[in-house]
Amino acid sequence: MPQSLANVLVHVIFSTKNRYPFLSDINIRNEMHAYLGGTINNLNSQVILVGGSTDHVHILCKLSRNYSIAKVVGDIKRSSSKWIKTKGRMLAKFEWQNGYGAFSVGKSETNRLEKYILNQEIHHSKKSFQDEFRLFLQAYQIEYDERYVWD
(Lines give C-alpha, C1' and ligand atoms only; values in the text may rest on other atoms or scores of the structure.)
Protein backbone atom coordinates (compact mmCIF):
# COMPACT_ATOMS: atom_id res chain seq x y z
CA MET A 1 0.00 0.00 0.00
CA PRO A 2 1.48 3.40 -0.96
CA GLN A 3 2.08 5.95 1.77
CA SER A 4 2.41 9.70 1.81
CA LEU A 5 5.21 10.63 4.18
CA ALA A 6 6.50 14.02 5.25
CA ASN A 7 8.73 15.65 7.82
CA VAL A 8 8.16 19.37 7.38
CA LEU A 9 9.59 21.41 10.26
CA VAL A 10 8.36 24.99 10.46
CA HIS A 11 9.23 28.00 12.61
CA VAL A 12 6.18 30.27 12.88
CA ILE A 13 6.34 33.77 14.34
CA PHE A 14 3.52 36.24 14.96
CA SER A 15 2.83 39.08 17.35
CA THR A 16 -0.04 40.58 19.23
CA LYS A 17 -1.88 43.39 17.47
CA ASN A 18 0.38 46.46 17.46
CA ARG A 19 2.80 44.49 19.65
CA TYR A 20 0.69 45.28 22.72
CA PRO A 21 2.18 43.38 25.71
CA PHE A 22 -0.91 41.26 26.41
CA LEU A 23 1.34 38.38 27.50
CA SER A 24 3.21 40.29 30.23
CA ASP A 25 1.89 38.02 32.97
CA ILE A 26 4.16 34.96 32.91
CA ASN A 27 1.34 32.64 33.98
CA ILE A 28 -0.94 33.82 31.16
CA ARG A 29 1.97 33.58 28.72
CA ASN A 30 2.71 30.00 29.78
CA GLU A 31 -0.97 29.10 29.49
CA MET A 32 -1.08 30.66 26.02
CA HIS A 33 1.98 28.68 24.93
CA ALA A 34 0.42 25.47 26.23
CA TYR A 35 -2.88 26.28 24.53
CA LEU A 36 -1.18 26.97 21.21
CA GLY A 37 0.77 23.72 21.47
CA GLY A 38 -2.34 21.71 22.25
CA THR A 39 -4.21 23.24 19.35
CA ILE A 40 -1.36 22.43 16.97
CA ASN A 41 -1.36 18.83 18.16
CA ASN A 42 -5.13 18.66 17.64
CA LEU A 43 -4.54 19.64 14.01
CA ASN A 44 -2.49 16.48 13.46
CA SER A 45 0.70 18.51 13.59
CA GLN A 46 3.33 17.97 16.26
CA VAL A 47 4.38 20.85 18.45
CA ILE A 48 8.06 20.79 19.37
CA LEU A 49 8.25 24.07 21.27
CA VAL A 50 6.23 27.23 21.82
CA GLY A 51 7.87 30.25 23.39
CA GLY A 52 7.98 33.98 23.13
CA SER A 53 7.79 37.25 24.90
CA THR A 54 5.21 39.75 26.12
CA ASP A 55 4.09 40.61 22.58
CA HIS A 56 4.79 37.66 20.29
CA VAL A 57 5.22 33.91 19.96
CA HIS A 58 7.61 31.53 18.26
CA ILE A 59 6.38 28.07 17.37
CA LEU A 60 8.53 25.20 16.20
CA CYS A 61 6.42 22.34 14.90
CA LYS A 62 6.27 19.42 12.55
CA LEU A 63 3.52 20.31 10.12
CA SER A 64 0.84 17.77 9.27
CA ARG A 65 0.86 16.62 5.68
CA ASN A 66 -2.92 17.16 5.71
CA TYR A 67 -3.04 20.90 6.45
CA SER A 68 -1.42 23.98 5.00
CA ILE A 69 0.58 26.42 7.10
CA ALA A 70 -2.16 29.01 6.55
CA LYS A 71 -4.82 26.63 7.91
CA VAL A 72 -2.81 25.70 11.00
CA VAL A 73 -1.81 29.29 11.81
CA GLY A 74 -5.31 30.62 11.14
CA ASP A 75 -6.89 28.01 13.37
CA ILE A 76 -4.47 28.46 16.27
CA LYS A 77 -4.72 32.26 16.16
CA ARG A 78 -8.51 32.24 15.98
CA SER A 79 -8.95 29.64 18.71
CA SER A 80 -6.38 31.10 21.10
CA SER A 81 -7.74 34.62 20.69
CA LYS A 82 -11.22 33.44 21.70
CA TRP A 83 -9.84 31.39 24.59
CA ILE A 84 -7.65 34.11 26.13
CA LYS A 85 -10.50 36.60 26.20
CA THR A 86 -12.14 34.37 28.83
CA LYS A 87 -9.16 34.90 31.15
CA GLY A 88 -10.15 38.31 32.48
CA ARG A 89 -11.11 41.85 31.63
CA MET A 90 -7.51 42.89 30.93
CA LEU A 91 -7.48 40.40 28.04
CA ALA A 92 -10.94 41.18 26.62
CA LYS A 93 -9.41 43.21 23.78
CA PHE A 94 -6.73 40.67 22.93
CA GLU A 95 -5.88 40.34 19.23
CA TRP A 96 -3.12 38.77 17.18
CA GLN A 97 -1.62 40.66 14.27
CA ASN A 98 -3.16 39.74 10.91
CA GLY A 99 -0.07 38.19 9.38
CA TYR A 100 2.66 35.78 10.38
CA GLY A 101 6.04 34.54 9.30
CA ALA A 102 6.70 30.89 8.55
CA PHE A 103 10.20 29.63 7.92
CA SER A 104 11.41 26.18 6.95
CA VAL A 105 13.77 24.49 9.37
CA GLY A 106 16.21 21.68 8.73
CA LYS A 107 16.42 18.87 11.30
CA SER A 108 20.02 19.84 12.07
CA GLU A 109 18.87 23.36 13.03
CA THR A 110 16.26 22.38 15.62
CA ASN A 111 18.53 22.35 18.70
CA ARG A 112 19.86 25.83 17.95
CA LEU A 113 16.35 27.13 17.27
CA GLU A 114 14.96 25.59 20.47
CA LYS A 115 17.65 27.41 22.50
CA TYR A 116 16.80 30.62 20.67
CA ILE A 117 13.09 30.26 21.45
CA LEU A 118 13.76 29.42 25.11
CA ASN A 119 15.90 32.56 25.53
CA GLN A 120 13.40 35.12 24.22
CA GLU A 121 13.38 37.24 27.37
CA ILE A 122 17.15 37.70 27.23
CA HIS A 123 17.13 38.18 23.48
CA HIS A 124 14.45 40.88 23.60
CA SER A 125 16.17 42.87 26.29
CA LYS A 126 18.51 43.87 23.44
CA LYS A 127 16.38 43.69 20.30
CA SER A 128 12.78 44.59 19.45
CA PHE A 129 10.35 42.17 17.88
CA GLN A 130 10.36 44.21 14.67
CA ASP A 131 14.16 44.08 14.40
CA GLU A 132 14.13 40.35 15.11
CA PHE A 133 11.45 39.71 12.48
CA ARG A 134 13.28 41.80 9.87
CA LEU A 135 16.39 39.68 10.44
CA PHE A 136 14.42 36.49 9.78
CA LEU A 137 12.95 37.97 6.60
CA GLN A 138 16.43 38.99 5.43
CA ALA A 139 18.01 35.64 6.34
CA TYR A 140 15.34 33.81 4.33
CA GLN A 141 15.58 36.37 1.51
CA ILE A 142 11.91 37.26 1.71
CA GLU A 143 10.98 40.52 0.03
CA TYR A 144 8.55 42.61 2.05
CA ASP A 145 6.96 46.02 2.24
CA GLU A 146 7.14 47.62 5.71
CA ARG A 147 3.69 49.14 5.17
CA TYR A 148 2.09 45.70 5.21
CA VAL A 149 4.16 43.80 7.75
CA TRP A 150 3.05 45.56 10.93
CA ASP A 151 -0.40 45.93 12.39
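The values are calculated or read from the model by the stated rules, or taken from the named source; none is laboratory data. Because the structure is predicted, anything quoted here is derived from the model rather than measured. Please note: Cβ atoms are built from the backbone with ideal geometry, for glycine as well, and neighbour counts cover all protein chains shown.
Please indicate, with yes or no, whether at least one residue in the range 61-73 is under 21 Å from TYR140 (Cα atoms), touching a residue at least 24 places away in the same chain (Cβ under 8 Å) and of a type in the set (Lys, Arg). Taking every residue of the range 61-73 in turn, at least one turns out to be under 21 Å from TYR140 (Cα atoms), touching a residue at least 24 places away in the same chain (Cβ under 8 Å) and of a type in the set (Lys, Arg). Candidates are the residues of the range 12-58 that are of a type in the set (S, T, N, Q), on the phi < 0 side of the Ramachandran plot and in a loop (DSSP other than H, G, I, E, B); the one that is surrounded by the fewest Cβ atoms within 10 Å (Cβ to Cβ) is SER24.
Residues in the range 76-92 that are surrounded by 12 or more Cβ atoms within 10 Å (Cβ to Cβ) and basic (Lys, Arg): LYS77, ARG78, LYS85, LYS87.
Pairing each residue of the range 86-113 that is touching a residue at least 60 places away in the same chain (Cβ under 8 Å) and farther than 13 Å from TYR20 by Cα with any residue that is exposed (fewer than 10 other Cβ atoms within 10 Å of the Cβ) and of a type outside the set (D, E, K, R), provided the two are 6+ apart or on different chains, yields C-beta distances under 8 Å for GLY99/TYR148; LYS107/ASN7. Evaluated against (1) exposed (fewer than 12 other Cβ atoms within 10 Å of the Cβ); (2) under 27 Å from LYS82 (Cβ atoms); (3) modelled with pLDDT of 95 or more, GLU95 falls short on exactly one condition, (1).
Screening LYS82, LYS87 for residues that are at pLDDT below 95 and within 20 Å of ILE40 (Cβ to Cβ) leaves exactly one candidate, LYS87.
Residues considered: THR54, THR39. Of these, the only one that is farther than 16 Å from VAL10 by Cα and of a type in the set (Val, Ile, Thr) is THR54.
Pairs please, first residue from the range 131-151 and at negative phi and surrounded by 10 or more Cβ atoms within 10 Å (Cβ to Cβ), second anywhere and outside any loop (DSSP other than H, G, I, E, B) and of a type in the set (A, V, I, L, M), Cβ atoms under 6 Å, 6+ apart in sequence or on different chains. Close Cβ pairs satisfying both conditions: TYR144/LEU137. Annotation note: of VAL105, VAL73, the sole residue that is over 18 Å from LEU36 (Cα atoms), surrounded by 17 or more Cβ atoms within 10 Å (Cβ to Cβ) and modelled with pLDDT of 95 or more is VAL105. I'd like to check something: does the range 9-21 contain any residue that is free of Cβ contacts under 8 Å to residues at least 60 places away in the same chain, among the small types (Gly, Ala, Ser) and closer than 15 Å to HIS56 by Cβ? No, the range 9-21 has no match at all.
Of all the criteria given as (1) loosely packed, with under 12 Cβ neighbours inside 10 Å; (2) modelled with pLDDT under 95, the one not satisfied by SER64 is (1).
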